[in-house]
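Here the structure is laid out as C-alpha cells; the discussion comes afterwards.
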Amino acid sequence: MIDPKDIDWNNLDFSYIKTPYRFISRWKDGKWDQGELTEDNMLVMSEASTALHYGQQCFEGLKAYRRKDGKVQLFRPDENAKRMIKSCNKLLMPEFPIERFIDACKQVVKANEEYVGPYGSGATLYLRPLMIGVGDNIGVKPAPEYIFTVFCTPVGPYFKGGVTPVNFMISEYDRAAPHGTGANKVGGNYAASLAPHEEASKLGYADCIYLDPETHTKIEEVGSANFFGITEDKTFVTPNSPSILRSITRISLVEIAKKYLDLKVEERDVYVDKLDEFIEAGACGTAAVITPIGGICYKGQLHVFHSETEVGPIVKKLFDTLSGIQFGDIDAPEGWIFEV
Ligand code: PLP
Ligand code: COI
C-alpha cells in the first residue's frame, strides 16, 4: 500500500489506489448487520451470486474534501444515500438507511484521513459505496443475501486537464432504454457504455454523449456525467429526461446558477442539431466536477462552443463557485455540507 507521504497530490489522476480501511455490512434473513471497518479489500461471495450473473448491483460516488482549516467535509452525502435507495428499489435490493449510509462514509473517511489530499492540491478522497446481491441462487430472481460496502481512493481529475476543455463525440449507441434503468446508478448501464466509450477514445475524444434512446434527436448525457449549456442570454440549460442519471452535481449547479451567478435556468430538451444555441457547455459530475466541453462531434462535424483550449467565463465561474463550496471557501446553501 502506498504511504500517503509518497503520493504526488498535484498530479493524481482518477485511478484506484488501495487505502487501509473500508466499511462492510451484510444483509441476511431480512436485516443488515451492524457493519464494521475492515482492512481486507477482497470480497468473498458465492459463485451463484446474482451480482455476478444478472447484474444485481448498484453503486454511488461522492468525495471528501480537505478545507483550508485542515478539517474534512462531505458534499451532499444524503443525496447519494437517497439515490442509492432508488437504485435498490429498481433492482429489488434492500435499502441501506440514509443515516447509516452517511455514518459509513464518515467512518471510512476518518479511518483513511491521511488519504484526503491537502487543501489547494485539487486532490480529493473519492468514496465508492456499492451494493451487490450475493448468496446461492441460480434462477433469475433477487438474491437471498446482500453486501453493502464503502471503499475510498484518493483521486485527481477524471478527464485529463481538469478545467481545460475536452471534446466529446455523439454516440450512435444507447446506454439506456426508454423505460429502463438509465436513471439509476447500476452497473449494467456502465457495461453498456464500455464499447461506445472505447470507440470514442480511439477516435481521440474524451468520452461520448448519448442521445435519447427513443428518437436519437436530443442530448441525454455523457457516459459519466450530465450535460449543460449556456445560452447567449445567460441561461443555464440542462436536459430533462427520464433516462439520465439525476446528477447531484447538476442539481447543485441549478441552484448555484440561480443563487450565486444570477443566471436563468431551464431544464428542458436539448436538440443535437441546435448546438449553436450555446456559447459555452460543460459536463458535470462528482468525478468530472465541471469539465468544459470544447466541442462535440456529430455526424463527422465538430461543433465548437467557446473554445477548444480555453474555458469560457461562465463555466469557469460555475466551477469556481462549486469548488469553493466543496472545499469550504464559499458558504454553502443550508444542508449541503457534512463535516467529518
Ligand atoms: N451521469 C452518469 C452516467 C454518471 O455516472 C454520473 C456520476 O455519478 C453522473 C451523471 C454525475 O452524477 P453526480 O453529480 O451525482 O456524481
Ligand atoms: C462519479 O462521478 O461518481 C461516477 O460514478 C462517474 C464515473 C466514475 C462512473
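Put simply, of GLU47, GLU114 the only residue that is of a type in the set (D, E, K, R) and without any contact (Cβ under 8 Å) to a residue 40 or more places away in the chain is GLU47.
Selection over the range 189-231 of residues that are within 12 Å of ligand 1 (Cβ to nearest atom) and more than 22 Å from LEU302 (Cβ to Cβ) gives a count of 3. For the range 167-184, taking the residues that are within 16 Å of ligand 1 (Cβ to nearest atom) and among the charged types (D, E, K, R), the one that is modelled with the lowest pLDDT is identified as ARG175. How many of the residues in the range 239-258 are of a type outside the set (Gly, Ala, Ser), within 16 Å of ligand 2 (Cβ to nearest atom) and surrounded by 21 or more Cβ atoms within 10 Å (Cβ to Cβ)? Number of matching residues: 6. The number of residues in the range 256-279 being within 16 Å of ILE314 (Cα to Cα) and in a helix (DSSP H, G or I) comes to 5.
When the test is whether a residue is more than 16 Å from ligand 2 (Cβ to nearest atom), modelled with pLDDT of 95 or more and hydrophobic (A, V, I, L, M, F, W, C), LEU322 does not pass it. Just to verify a result, which residue in the range 293-322, among those that are closer than 17 Å to LYS160 by Cα and of a type in the set (Gly, Ala, Ser), is surrounded by the fewest Cβ atoms within 10 Å (Cβ to Cβ)? Looking at the filtered set, the residue picked out is SER307. Restricting attention to the range 128-161 and to residues that are buried (at least 17 other Cβ atoms within 10 Å of the Cβ) and part of a loop (DSSP other than H, G, I, E, B), the residue that is nearest to ligand 1 (Cβ to nearest atom) turns out to be TYR158. Inspect the range 259-276 for any residue being touching a residue at least 12 places away in the same chain (Cβ under 8 Å) and within 16 Å of ligand 2 (Cβ to nearest atom) and give the result as yes or no. No.
Only residues that are of a type in the set (Lys, Arg) and touching a helix residue (DSSP H, G or I) at 6+ places or on another chain (Cβ under 8 Å) were counted in the range 142-192, giving 2.
Among the residues of the range 232-242, those identified as at pLDDT 95 or above and either within 16 Å of ligand 1 (Cβ to nearest atom) or not in a loop (DSSP other than H, G, I, E, B) (or both) are THR235, PHE236, VAL237, THR238, PRO239.
The values are calculated or read from the model by the stated rules, or taken from the named source; none is laboratory data. Owing to the predicted nature of the structure, the values given are computational and were not obtained by experimental measurement. Neighbour counts run over all protein chains shown; Cβ positions are idealised from the backbone, glycine included.
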